[in-house]
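Report on the following structure.
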Amino acid sequence: MNRTVSSRISWWAALAVGVAVIASPVVAADFGPVPMLKVDAKKAALGKRLFFDARLSGDAGVSCSTCHIPEKGFGDGLALSKAYPGSDGFRNTPTLINTAHKAAWFHDGRLGTNLNDVTREMITETYVMNMDMRLMQERVKQDPVYVKMFKDAGYGEPSNGSVRKAIPEYLKTLTSRGSPFDAGKMSAAAQSGFELFKGKAGCSQCHSGPRFSDDTPHNLGVPENPEIWSNPARHMTYVAFGMFMGIENYMNIRRDVGAHIRTHKADGSDIGKFMTPTLRELTHTGPYMHNGVMKTLEDVVAFYNRGGGDDINKDPRIKPLSLSQEESANLVAFLQSLSGQPLTGPEHVWKDPINVNYAVIKDWLKQKN
Amino acid sequence: MKKGKTLSHAIVAASLGIAGLGFGFSAAADVNPPLAALGMPPVPRDNPQTPEKIELGKLLFFDSRIGGDASVSCADCHVPKQGWGFNDPISRGYPGVIHWRNSQTVINAAYLGKLFWVGAAKSLEAQAPGAALGAVSGNGERDMVEARLAFIPEYVKRFNQVFGDDWPKVNNVWKAMAAFERTLIHNDTPFDKFMRGDRSALSEEQVRGFQLFQGKANCVECHNGPLLTDQKFYNLGVPRAEDWSESGLAQITFRYEQLAKGVTEKLYRKIKDDAGLYYRTKQKSDMGKFRTPPLRYTAYTAPFMHNGSFFDFDEIVDFYNEGGGTNEFTDGVMAKNKTKLLKKLGLTDEEKADLVAFLESLSGEEIKMTTPKLPPYAPLPAVVQAN
């Protein structure tokens, strides 16, 4: 994988974002509904169709929605994601709900520019959709439905550039709504869980703001998922990733280095840091953590209650909490209250069947390409 | 990662090298190198043949894990039972796409200094990555190839033995494949036997065809030397592939190839045929030119020409008898592009039959091979943590 200039730049941009966030301390008042984003309806509708169309991948067999499934909160319900045929994934598929509100993406935060770049990354990445953008453009151009939709959306003729604009426009429609927390309809248990969250349990030190995330990587000592290292199909994907990202000694490590690929600290103190994820929509998006090692929210709370995992570089704020059983249950109830209505209606899901057989352009010799 | 750009750059680099080589030859006096029996292929000094390397190359040639989705091997488009090519006019492609040219046989590719229909690679070592990584052929990617091979203990062992690699290196994949291809040679045809002195190897009919080939039909103008090719480029007026008017899938690839080959927007809009050598040189006068193919093993490799327009030798001979044909690059202002070397031949039916009989003498026994048993994946052993 050739390291491109743009991906280098994006790491720096990601760093810059991290710094900016640390510089502005988060206050409790930051919690609250995630604001809806202004979207261009026609562009978003086009992006929606593209998101559900497998022809955007090299073998025309994988769409964004293969891994980001609406019914699973736009995750996939698996501990570790699938990959493009030929291997398997080594990370948990994150939810895409509220992703348009972020400024650095992926579990390691390696992309810090914009969703246009994230979209390109997903489409072209060998182990995700393995697509040559030029071939994608010509496939899209072959479909009369797209030709019309691109035109109506003001993009003119279908192009790879406008695909990378339309999909992010669609992603902007995926904003949480209707959670008991936002509606002020939390149960008493959830209410006391919220107090613990901000107080005794110390969760809000990292899970802050409307999305409950500081968008910064931390080391919690989350254990490795042994499946990655015992299953060649997953391990090889990590090796390919390691080669491209310049992970030192990539053949001989058996751990996901996380944000180290951005910061490359010589002492390795940044190994094992992962981005704080949003806590919204958790009831739809398990298993949890970057590698899906925790099946339930009870497991997650028990993990924090124990003081996290074992790691010399563990964040000092992660320490045993001595939560009672009831307190733990309340904390779980609070986390559950952060999940809203599933985004599974036609507003968010392309419901019409997509005719994936490419119609022939009639009278081809007389038509302009 | 970051697909696309890499391949086209590689091809540009390769083609520059070739352009440099090509010209020296054409300056030489216009004497056609004589037809002759075929010897052994050249072996590059930096990639000597060894039995272990050849065996490794054979496994890799048949191993679909080199391709993007681990379902397409070299042997899927260079099928031993289909003349080590592919029997459709236009080759199958990577899953979800179709190719846009006829799949060439790999038999005797070892002798060629200009590979592919437009000579875009100058060695087998340089050709293989184009085939394995191109979006409409292998759609593979270097890091992923290396990563997959590292999980096949048998390969780790063999790459170590053959190349001294700690972990299999992708450049050595191409070297091993090339070494294997250098064993896929066909130099014991009736024609070769004849040229080595066995006068009974050709029938009378074939001998007459041989004379026509060198005389009245003037095939030898381009199909000359021991390989029966001058490895130069001509526009014969081979008609455009019908597929492009009839199949949406083919139309997609056609346009994709224009982008991949870096044509101007203006040309992209109007082009309706494969411009051949033009994509490398960007000279209008090269539009529609393709490399003269070698003619051995053709009894097994139909359909013929860069787009598979012709299904048998009779059609080929009729085509030449008419002085070739027409295509998008032989009309009007482009008329100069068609080679002046083709003229109506005025062959009688008997002469045509003789010529066909001679073409048949350029193929001997079919080269058969079954898919070898491929070694499986296995997990890597745990290691002691360094950090």
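The values are calculated or read from the model by the stated rules, or taken from the named source; none is laboratory data. The structure presented is a predicted model; accordingly, all values stated were derived computationally and were not measured. Positions of Cβ are generated from backbone atoms using ideal geometry, with glycine treated the same way; all protein chains shown enter the neighbour counts.
Do any helices (runs of 4 or more DSSP H) entirely within the range A:182-271 hold 1 or more residues that are over 23 Å from the mean Cα position of the chain (by Cα), and if so, which?
In the range A:182-271, the matching helices (runs of 4 or more DSSP H) lie at A:188-198, A:226-230, A:232-245.
What helices (runs of 4 or more DSSP H) lie completely within the range B:216-331 and have 2 or more residues being out of contact with any Lys or Arg (no Cβ under 7 Å at 6 or more places or on another chain) and closer than 18 Å to B:Val356 by Cα?
Output list reads B:313-321.
What pairs come up if the first residue lies in the range B:243-269 and is facing chain A (nearest Cβ under 7 Å), the second is loosely packed, with under 15 Cβ neighbours inside 10 Å and assigned to a helix (DSSP H, G or I), and their beta carbons are under 9 Å apart, counting only those six or more places apart or on different chains?
B:Trp244/A:Leu365; B:Ser245/A:Leu365
Anything in the range A:38-69 that is under 15 Å from the mean Cα position of the chain (by Cα) and crowded, with 21+ Cβ neighbours inside 10 Å? List them, or say none.
A:Phe51, A:Cys64, A:Cys67, A:His68
Could you tell me whether any residue of the range B:340-351 is of a type in the set (Gly, Ala, Ser), in the same structural domain as B:Lys232 (by TED's automatic domain parsing), under 30 Å from A:Trp364 (Cα atoms) and surrounded by fewer than 18 Cβ atoms within 10 Å (Cβ to Cβ)?
Checking the range B:340-351: not a single residue is of a type in the set (Gly, Ala, Ser), in the same structural domain as B:Lys232 (by TED's automatic domain parsing), under 30 Å from A:Trp364 (Cα atoms) and surrounded by fewer than 18 Cβ atoms within 10 Å (Cβ to Cβ).
Suppose we keep only residues that are within 14 Å of chain A (Cβ to nearest Cβ) and in contact with a helix residue (DSSP H, G or I) (Cβ under 9 Å, 6 or more places away or on another chain) within the range B:333-387. Which one would you say is farthest from B:Asn235 (Cα to Cα)?
Ranking the candidates gives B:Ala382 first.
What helices (runs of 4 or more DSSP H) lie completely within the range B:38-143 and have 3 or more residues being within 13 Å of the chain's Cα centre (by Cα)?
Of the helices (runs of 4 or more DSSP H) lying wholly inside the range B:38-143, those with at least 3 residues that are within 13 Å of the chain's Cα centre (by Cα) span B:124-133.
Condition check: loosely packed, with under 12 Cβ neighbours inside 10 Å and either at pLDDT below 95 or not polar (S, T, N, Q) (or both). Does A:Gly345 satisfy that?
Yes, satisfied.
Counting just the residues of the range B:141-164 that are basic (Lys, Arg) and within 10 Å of chain A (Cβ to nearest Cβ), which one comes out nearest to A:Tyr84 (Cα to Cα)?
Within the range B:141-164, the match that is nearest to A:Tyr84 (Cα to Cα) is B:Arg148.
Say whether the condition of being within 13 Å of chain B (Cβ to nearest Cβ), in a loop (DSSP other than H, G, I, E, B) and at positive phi is met by at least one residue in the range A:282-296.
no
Take B:Gly130 and tell me if it is surrounded by fewer than 21 Cβ atoms within 10 Å (Cβ to Cβ), at pLDDT below 95 and more than 9 Å from chain A (Cβ to nearest Cβ).
It is true that B:Gly130 is surrounded by fewer than 21 Cβ atoms within 10 Å (Cβ to Cβ), at pLDDT below 95 and more than 9 Å from chain A (Cβ to nearest Cβ).
Checking A:Pro277 against (1) within 14 Å of another protein chain (Cβ to nearest Cβ); (2) in contact with a Ser or Thr (Cβ under 8 Å, 6 or more places away or on another chain), which single condition isn't satisfied?
Going through (1) within 14 Å of another protein chain (Cβ to nearest Cβ); (2) in contact with a Ser or Thr (Cβ under 8 Å, 6 or more places away or on another chain) one by one, A:Pro277 breaks only (1).
Just give me the residues in the range B:193-207 being farther than 19 Å from B:Asn224 by Cβ and surrounded by 17 or more Cβ atoms within 10 Å (Cβ to Cβ), in sequence order.
The answer is B:Lys193, B:Ala201, B:Glu205.
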